[in-house]
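Enquirer: One structure, as structure tokens, below. Some questions next.
The values are calculated or read from the model by the stated rules, or taken from the named source; none is laboratory data. Computed from a predicted structure; not experimentally measured. Don't worry about glycine lacking a Cβ; one is built from the backbone with ideal geometry, like all the others, and counts go over all protein chains shown. Just so you know, the surface numbers come from the protein's heavy atoms only, side chains and all, with ligands and any DNA or RNA stripped out. Shrake-Rupley method; radii C 1.70, N 1.55, O 1.52, S 1.80 Å.
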Amino acid sequence: MTSSLRVEVEKLRRRCRPEELDFCVTSADVPPLTDFIGQERAVRAMEFGLTMKAPGYNIYVAGPPGTGKSTYTQAVVSQYAAREKPPQDWCYLYNFTDPDRPLAVALPAGAGQALQKDMEELVADLRTAIPKAFEEGQYERDKAAIVQEFQRQMDDALQRLREEAAQNNFVMKQGPSGFLFVPLKEGKPMSPEEFEALPPEERRWLEERGRHLHQRLEETFQTGRVLEKAARERVRELEKQIVLFAAGPLVERLKEKYRAYPRLVEYLDQVLEDVTTHLDDFKGTEEKATQPPFPIPWETRDPYLRYRVNLFVNNAGATGAPVVVEPSPHYYNLFGKIEYRSHMGTFGTDFTMIKPGALHRANGGYLILQASDVVVDPIVWDTLKRAMKNRRALVENIGEQYRIVPTVSLRPEPIPLDVKVILIGNPWLYHLLYYFDEDFAKFFKVKVDFDTEMPRTPENLRHYVAFVGAVCRREGLRHFDRSGLAELVEYGSRLAGNQHKLSTRFNEVVEIVYEAAAWADAENAPLVTARHVKRAIEERVYRSNRLEEKIQELMLQGKILVDTSGEAVGQVNGLSVLDVGDYVFGRPSRITARTFMGEEGVVNIERETKLSGNIHSKGVLTLAGYLGGKFAQDKPLCLSARITFEQLYEGVEGDSASSAELFALLSSLADLPVKQSLAVTGSVNQHGEIQPIGGVTEKIEGFFALCKARGLTGDQGVIIPAQNVDNLMLKDEVLEAVEKGLFHIYAIRTVEEGITLLTGVPAGERGPDGTYPEDTVFGRVDRRLRAYAEGLARFGAGGRDGGVEPGDADEDGENI
């Protein structure tokens, strides 16, 4: 039976035969790939997501690190974007009717830059044409005529008032404080003394006439103010006509150029109207005022600022849709900002200081973000979802909506949003968002799922070689010969943990390519061979396996108790895997079981001490089901057992040791010793079937390393589930030992096969009468369990004879 369970050396590692690589001599012979390899599902999903233009069909690219998902995403999105037309330019313009709300205007790609230049030239032309128009003599003559007309009307009015005063025996004089009416006596102005000497009646008459004349003077001045206002309006109208004559053709030329954009034509009309309103800014005749001792209002610092164009998004020169990869997606980088400038202790802003974010630059194209960077900031994540929901890109400084006291700031018009957002992250984060964020499923309807492995087919072997060749060309490395390529293929299967698969964790493969090429450089070898690849792998392991060597050293010193020879009852060598981040290795552990009369069942000491994970606890609880189904059909299962991993202090998880724990239990119940030269790994179910586990290659190599350090005897080996044989990709030193008969790998499918291997005693089959042969493992176990049941029955019948039962109390009152 032992030989039938032994795994042949050819099955312990799938070699890459030379004829499998007969399509090349070196990696330079295979042209580089044009498509991504090993991810057919992901490629189809990505193609679907990129072609779907309906709302909500954004993409989440899920996959573990190192699978090339970021590189692939950027490459394929760039290819798709290159076939699309460039999106529009977006400009922010001054809003003459509501200055706090700048206008957003869309133009064809490149036209925004042209508009910006056109407006700069328009302002420059206006600053030249308008002063020149006012320098012509006709303006001065027309203005002088208006002023003279006003002056004549005022002089006539004053002359009529003088005549009226003379008729009333008064003279109108101009004093320091204005015009005065002085009464006359015999054609001469009266002195104050003469006026006081007049009779009261005559004095009152003169005072009444004086008041009437003053009232007439006020009426004349009021008429003068009306005439002056009318004159100013005539001058302003004259100036407006001159401005329209000088600026109108310049603005009309732009209106004609941009007649296809009604909103821009309306804006240019407002520009012309504003120029006539702020004529003094262009006449060039005003003297510059001295700087006041208080801050100047922000709007008055540059009189031509409102005519500028803020080219918010510039797609000039773009040959396709934009692809924006934002490596630092904090709020302002993603959603833009309104900048402020400090001036004399105050802060001010204007529409030219509105800056775009990655979301605006990607509008009309694709925005690629790392999911973990986005969701870690709740404000960024919520704002991104709001933008996708409303399909608008709003520029708003962070925290504006949370201010206790509202402040005056710009509120730019939102821009219509048409962007496909692509998040790149791990599968765990995808499921977390899917189940706990109700909006996630609405906005990210396409999942691009990257696998960590691909089939090891002839086609994929060619792709693997092409990938290696592409890396060598890109980085200027030495190319690999056929033996080096074969070793890389085998390394890919080892990473995948399957003889029929290749790893798609290309980062790890590329690292070995780099390092193997470096060793070839050190030797000045023309090509990278299998020896260099093996050297790279060995050195990589050596840099990371310090902990593994320390644990093995403690085992060799006898401080961690693990036997590799001899026999022991209730003691089995189990195997576990330790992952220290950059390195994974197998560790042998001693598993022991003690059984005795009682009704507590199988107790997992790790579980009682909270060192056991849920899956490990489940595996131990399964053992009771197996024992009950196997040995408690004709009697109760009366058993107390303790199982533990000896010298385990860091906790244990997984059910891969459940078969070893069961073998320890059966050994203890049967009182049969177990060979310590064998180690066991594998899960077991309630029917006694051995189930596959993970990390089988590392587990075997871990036990082999300990046996080799102590000396291989030819009896040592590892028992594994038969389903795990195709997962084996063992090191060459293990294969050599197996080939020489110094080490063995056994594959089992049932508990019976395993316990027979470990004890050398047949497991036993139940006979027609329901019993097992006495000289078998199961016969001995059944006999022991029957004795436990009968013993407990005797105690329960009253013949306790001083025995102890569950529920009794000790002298301190504690339950036993």
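Enquirer: Using only Cα atoms, figure out Rg for region 120-210 and give it as a multiple of 2.2 N^0.38 Å.
Expert: 2.01
Enquirer: Can you find, among 374, 72, 688, the residue farthest towards the positive end of the dipole of the chain? Put +1 on the C-beta of Lys and Arg, -1 on that of Asp and Glu.
Expert: 72
Enquirer: To continue, here is another question. Under a Cβ-only charge scheme (Lys and Arg +1, Asp and Glu -1), can you give me the dipole magnitude of region 551-710 about the Cα centre, in debye to the nearest 20? Can you show the working numbers first?
Expert: Details: 14 positive and 19 negative charges, 53 e Å.
The calculation lands at about 260 debye.
Enquirer: Answer with one residue from 555, 578, 566: the one whose Cα lies farthest towards the positive end of the charge dipole of region 523-584, charges on Cβ with Lys, Arg +1 and Asp, Glu -1.
Expert: Result: 578, furthest along the dipole toward the positive end.
Enquirer: Rounded to the nearest 0.05, what FRET efficiency do residue 500 and residue 391 give with R0 = 51 Å and r taken as the Cβ-Cβ distance? Could you check?
Expert: So the FRET efficiency works out to roughly 0.60.
Enquirer: Next question. Let me make sure I get this right: for region 1-72, a, b and c are the square roots of the gyration tensor eigenvalues over alpha carbons, sorted descending. Under 1.5 in a/c it's rounded, otherwise prolate if a/b > b/c, else oblate. Which is it? Walk me through the intermediate numbers first.
Expert: On the way: a/c = 3.88, a/b = 1.76, b/c = 2.21.
In terms of gyration-tensor shape, oblate.
Enquirer: For region 471-552, take every pair of Cα atoms, bin their distances at 5 Å starting from 0, and report each bin as a whole percent.
Expert: Once binned at 5 Å, the Cα pair distances of region 471-552 give 3, 15, 24, 23, 18, 11, 5, 2, 0.
Enquirer: Calculate, in nm to one decimal, what residue 219 and residue 382 gain on full extension: separation in residues at 0.36 nm each, minus their alpha carbon distance.
Expert: 51.8 nm
Enquirer: Cβ neighbours within 10 Å, averaged per peptide: list 779-790, 248-259, 560-571 in order, most packed at the top.
Expert: Details: 779-790: 19.5, 248-259: 15.0, 560-571: 17.6.
The densest-packed peptide leads the list: 779-790, 560-571, 248-259.
Enquirer: In degrees between 0 and 90, to the nearest 10, how far off the longest principal axis of the chain does helix 530-544 point, with axes built from Cα atoms?
Expert: With both axes taken from Cα atoms, the answer is about 80 degrees.
Enquirer: While we're looking at this one, here's another question. According to a simple spin-label model (label point 7 Å from Cα along Cα-to-Cβ), what is the distance in nm between residue 726 and residue 434?
Expert: 2.6
Enquirer: List the lysines whose alpha-carbon lies under 20 Å from that of residue 173, not counting same-chain residues fewer than 8 positions away?
Expert: The reachable lysines, counting only those whose Cα sits under 20 Å from residue 173, are 185, 188.
Enquirer: Also, quick follow-up: Residue 35 to residue 583: extension gain in nm, 0.36 nm per residue of separation minus the Cα-Cα distance?
Expert: Full extension from residue 35 to residue 583 adds 194.2 nm.
Enquirer: Given q = 0.04, 0.06, 0.07 Å⁻¹, what are the Debye log10 I(q)/I(0) values for the chain, with equal point scatterers placed on the Cα positions and solvent ignored?
Expert: -0.41, -0.67, -0.80
Enquirer: Give me the distance between the Cα centres of region 436-488 and region 330-391, rounded to whole Å.
Expert: After rounding, the separation between the Cα centres reads 35 Å.
Enquirer: Rounded to two decimals, what ratio of Rg to Rh does region 417-515 give with C-alpha atoms and a Kirkwood Rh?
Expert: 1.13
Enquirer: Compare the Cα positions of 471, 776, 364 along the charge dipole of the chain (+1 at Cβ of Lys, Arg; -1 at Cβ of Asp, Glu; about the Cα centre) and return the one farthest towards the positive end.
Expert: So the residue we want is 364.
Enquirer: Starting from a Cα-only point model with no solvent, please compute log10 I(q)/I(0) by Debye for region 29-135 at q = 0.09 1/Å.
Expert: -0.52
Enquirer: A follow-up question, please. Hey, which of these cross-link pairs are over 22 Å Cα-Cα: 240/283; 445/501; 385/447; 132/229; 550/618; 355/442?
Expert: Numbers: 240/283 12 Å; 445/501 30 Å; 385/447 17 Å; 132/229 26 Å; 550/618 31 Å; 355/442 29 Å.
Violating the 22 Å limit, Cα to Cα: 445/501; 132/229; 550/618; 355/442.
Enquirer: Of the listed peptides 153-159, 676-682, 722-728, 752-758, what is their order by residue-averaged count of other C-beta atoms within 10 Å, with the highest listed first?
Expert: Values: 153-159: 14.1, 676-682: 25.9, 722-728: 19.6, 752-758: 23.9.
By packing density, highest mean first, the sequence is 676-682, 752-758, 722-728, 153-159.
Enquirer: Residue 540 to residue 6: FRET efficiency via 1/(1 + (r/R0)^6), r the Cβ-Cβ distance, R0 45 Å, to the nearest 0.05?
Expert: Calculated value: 0.90.
Enquirer: Accessible area per residue, 1.4 Å probe, Å², for region 616-713: what's the number?
Expert: Per-residue value: 32 Å².
Enquirer: Sticking with the crude label model, points 7 Å out along Cα→Cβ, report the distance from residue 442 to residue 640 in nm, one decimal please.
Expert: Taking the two extended label points, one gets 6.1 nm.
Enquirer: Output the 0 to 90 degree angle, nearest 10, between the alpha-carbon long axis of helix 458-475 and the longest principal axis computed from the alpha carbons of the chain.
Expert: With both axes taken from Cα atoms, the answer is about 50 degrees.
Enquirer: Can you give the alpha-carbon Rg of region 555-704 over 2.2 N^0.38 Å, where N counts its residues?
Expert: Numbers: Rg = 15.0 Å, N = 150, 2.2 N^0.38 = 14.8 Å.
So the Cα radius of gyration is 1.01 times the expected 2.2 N^0.38 Å.
Enquirer: Where the centroid of each part is defined by its Cα atoms, how far is region 78-139 from region 1-68 in Å?
Expert: Region 78-139 and region 1-68 have Cα centres spaced 53 Å from each other.
Enquirer: In the chain, carbon and sulfur make up what percent of the accessible area (probe 1.4 Å)?
Expert: 50
Enquirer: Which whole-number value in Å² is the accessible area per residue of region 84-131, probe 1.4 Å?
Expert: For region 84-131, the solvent-accessible area averages 43 Å² per residue.
Enquirer: Pop out the Kirkwood hydrodynamic radius of region 90-247 from its pairwise C-alpha distances, inverse of mean 1/r, in Å to one decimal. All intermediate terms of the calculation are to be shown ahead of the outcome.
Expert: Working: mean 1/r = 0.0471 Å⁻¹.
It is 21.2 Å.
Enquirer: In percent, what relative contact order does the chain have, based on Cα pairs under 8 Å that are 6 or more apart in sequence?
Expert: Result for the chain is 16 percent.
Enquirer: At 7 Å along Cα-to-Cβ for each site, give me the label-to-label distance between residue 547 and residue 594 in nm.
Expert: Computed distance between label sites residue 547 and residue 594 equals 3.1 nm.
Enquirer: Let me ask something else about it. Quick check for me: using +1 on Lys/Arg Cβ and -1 on Asp/Glu Cβ, what's the dipole size of region 102-244 about its Cα centre, in debye to the nearest 20?
Expert: That gives region 102-244 a dipole magnitude of about 80 debye.
Enquirer: In debye to the nearest 20, how big a dipole does the chain give about its Cα centre with +1 on each Lys and Arg Cβ and -1 on each Asp and Glu Cβ? If you can, show how the numbers build up before the last one.
Expert: Working: 100 positive and 122 negative charges, 302 e Å.
The calculation lands at about 1460 debye.
Enquirer: Using packing as a proxy for protection, rank 629-638, 649-658 so that the peptide with the highest average count of other Cβ atoms within 10 Å comes first.
Expert: 649-658, 629-638
Enquirer: If you take the beta carbon distance between residue 339 and residue 241 as r and set R0 to 45 Å, what does 1/(1 + (r/R0)^6) give as a FRET efficiency, to the nearest 0.05?
Expert: Once rounded, the FRET efficiency stands at 0.65.
Enquirer: What number comes out for accessible area per residue over region 1-50 if the probe is 1.4 Å? Units Å², please.
Expert: Counting only protein heavy atoms, the per-residue value for region 1-50 is 61 Å².
Enquirer: For the chain, what proportion of DSSP beta bridges, expressed in % and rounded to the nearest 5, is antiparallel?
Expert: The answer is about 60 percent antiparallel.
Enquirer: Compute the distance from the alpha-carbon center of region 575-611 to that of region 144-172, in whole Å.
Expert: Their Cα centres are 120 Å away from one another.
Enquirer: Also, quick follow-up: On a 0 to 90 degree scale, rounded to 10, what angle separates helix 69-82 from the longest Cα axis of the chain?
Expert: Roughly 40 degrees, rounded to the nearest 10.
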